[in-house]
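Enquirer: Before we start, here is the structure in question, set down as structure tokens.
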Amino acid sequence: MIKVALPAHLRTLAGVSGDVSLDVDGVATLGSVLDALEAHYPVLRGAIRDHVTQQRRPYVRFFACQEDLSHEPPDAPLPALVVSGAEPFFIVGAIAGGKRDRIERSRGVRQSVI
Amino acid sequence: MSGVRVLVGTHKGAFVLASDGKRDRWEVSGPHFGGWEIHHVKGSPVNPDRLYAAQSSSWFGQQIHRSDDGGKTWEPVGNKFVYDGVTGTHQWYDGTPHPWEFKRVWHLEPSLTDADTVYGGVEDAALFRSTDGGQNWQELSGLRGHGSGPRWQPGAGGMCLHSIVLDPADPRRIFVAISAAGAFRTDDGGENWRPINQGLYSQYIPEPTAEVGHCVHRIAMHKSRPGVLFMQKHWDVMRSDNAGDSWQEISGNLPTDFGFVIDVHAHEPETVYVVPIKSDSEHYPPDGKLRVYRSRSGGNEWEALTKGLPQRDCYVNVLRDAMAVDSLDECGVYFGTTGGQVYASANGGDSWAPIVRDLPAVFSVEVQTL
């Protein structure tokens, strides 16, 4: 199971309170995990990727294992630790400024974003 | 008629303000959709418990929610606004062609006859319609496609379709207004459109009397006289007595004819309200005095309504969708400010009192008479 950490507004939209766990068929890639997420939570369609072009919305970023995956292509395999469920795949609303520990507390995650 | 419900869209959520017919004690609920920009919330005139709300976020795009219990609970509906056919280009600020790009929904206008039908005015300017309660949206592309679309240009706030006025006497007639393209009308349910801007004069565009290019801020109509329209243009308050075929200025003795809102008394079709704003570079009231102006003669002669409104040190704005009236026996008038106040008058504007003072900046105010 792949764990996906959503930003607060998308958790509210999806009606979930914490990370979501997803089964992904075949090779887990950036695109396939987003496909699975949108299939489970159709309300998130258009909120992360454009409905038509499927391009990432400009202020949405993807992170995992301390790496910025935002500019990876959709068919890029996810890190093994994400595929195994040891590390979450983070979908983040881009931010500027803020305080690291406060961001971590408010998001309930173990890493923050610059 | 036993009460009113005021639907308020703000920079950081939606609020529902409810009162009985006396309109002196209010219950406030919200924020709904906290943190989201709520450009508009409006109820169906067919089923007042059916509300539609437009949420927008720079991060997460557009959402539409629907309520079937008067705003107590909400469910997400469709947020896929895809332009029909070849998207084409409009003019950018520098006059160069720029592709149409969906940004947000500015205005939701529920049908007068069917609670599941609702129109959406969007930026970049286009008109969409849903006939299934907001689940699916189709563009009425005859508006962008009638010929002048490539010459439309955004105003300072973006190229938004912000006014949708449905004709209660003719279900096939719809009026819309776009900043900064102008006003348009269809007489066949949205298939074909034409600009209705004759008589508008905008001195800062290359051709001041051009067919399109006017920054119309708001259009209002009284339901008993759908052929009479009132307009707050960027500068100038205007009136048409022939469904927009031609317009005459009615700014008269207003202290400034710049502004955003305009509305009509529920029972007096010649009584019109505006909130003059100093200028397009100073989006606040003249002299720090928040004054609603009322004309009882359909324009030209205006009186300042000040009782209960701040008359010193007030520098808020009143945005284009932020005024509405109720239809109780004594007409109530409501408006919201960028300072977070929602003011109400239960006597047609003679006196005012704030319902709330400290909301986020108010984008829109709608009223349901229950």
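Laboratory data are not the source of any read-out in this text; all were calculated from the coordinates shown. Just so it is clear, the model here is predicted, and its values are computed rather than measured. When we count neighbours, we look across all protein chains shown, and the Cβ atoms used for this are built from the backbone with ideal geometry, even at glycine.
Enquirer: With no solvent and one point on each alpha carbon, what is the Debye value of log10 I(q)/I(0) for region B:302-370 at q = 0.16, 0.21 Å⁻¹?
Expert: Treating every Cα as an identical point scatterer, log10 I(q)/I(0) equals -0.52, -0.89.
Enquirer: In the neighborhood of B:Gly288, defined by Cβ-to-Cβ distances under 15 Å, what is the net charge if each Lys or Arg adds +1 and each Asp or Glu adds -1?
Expert: Around B:Gly288, the surrounding residues sum to +1.
Enquirer: Out of the DSSP beta bridges found with both residues in the protein assembly as shown, what percent are antiparallel (nearest 5)?
Expert: 95
Enquirer: Considering the alpha-carbon set of region B:174-216 alone, what are its Rg and its Dmax in angstrom?
Expert: Calculated on Cα positions, Rg and Dmax stand at 10.7, 33 Å.
Enquirer: Please provide three numbers in whole Å: the alpha-carbon extents of region B:224-370 along the principal axes, with the largest listed first.
Expert: Principal-axis extents of region B:224-370 (Cα, largest first): 41, 39, 23 Å.
Enquirer: Take the Cα coordinates of the protein assembly as shown, assign each an equal point scatterer, and use the Debye formula without solvent to give log10 I(q)/I(0) at q = 0.05, 0.10 Å⁻¹.
Expert: Result of the Debye calculation: -0.20, -0.77.
Enquirer: Normalising by the residue count of chain B, find the relative contact order in percent from Cα pairs under 8 Å and 6+ residues apart.
Expert: So the answer I get is 12 percent.
Enquirer: Tell me, what are the semi-axes, in whole angstrom and largest first, of the equivalent ellipsoid of region A:2-107 as set by the roots of 5 times the Cα gyration tensor eigenvalues? Kindly include the intermediate steps, with their values, before the conclusion.
Expert: On the way: eigenvalues 76, 53, 42 Å².
After scaling each eigenvalue by five and taking roots: 19, 16, 15 Å.
Enquirer: Quick check on chain B: helices-only [θ] at 222 nm, where DSSP H runs of length 4 and up contribute -39,500 (n - 2.57) each and the sum goes over total residues. Nearest 500, please.
Expert: Here the helix-only value at 222 nm equals 0 deg cm²/dmol.
Enquirer: Please report B:Arg312, B:Arg357, B:Arg5 as a ranked list, fewest other C-beta atoms within 10 angstrom at the top and most at the bottom. Before the final figure, lay out the partial values.
Expert: Numbers: B:Arg312 8, B:Arg357 11, B:Arg5 22.
So the residues, fewest neighbours to most, are B:Arg312, B:Arg357, B:Arg5.
Enquirer: Right, next: Considering the Cα trace of region B:47-362, what is its radius of gyration and what is Dmax, both in angstroms?
Expert: 18.7, 53
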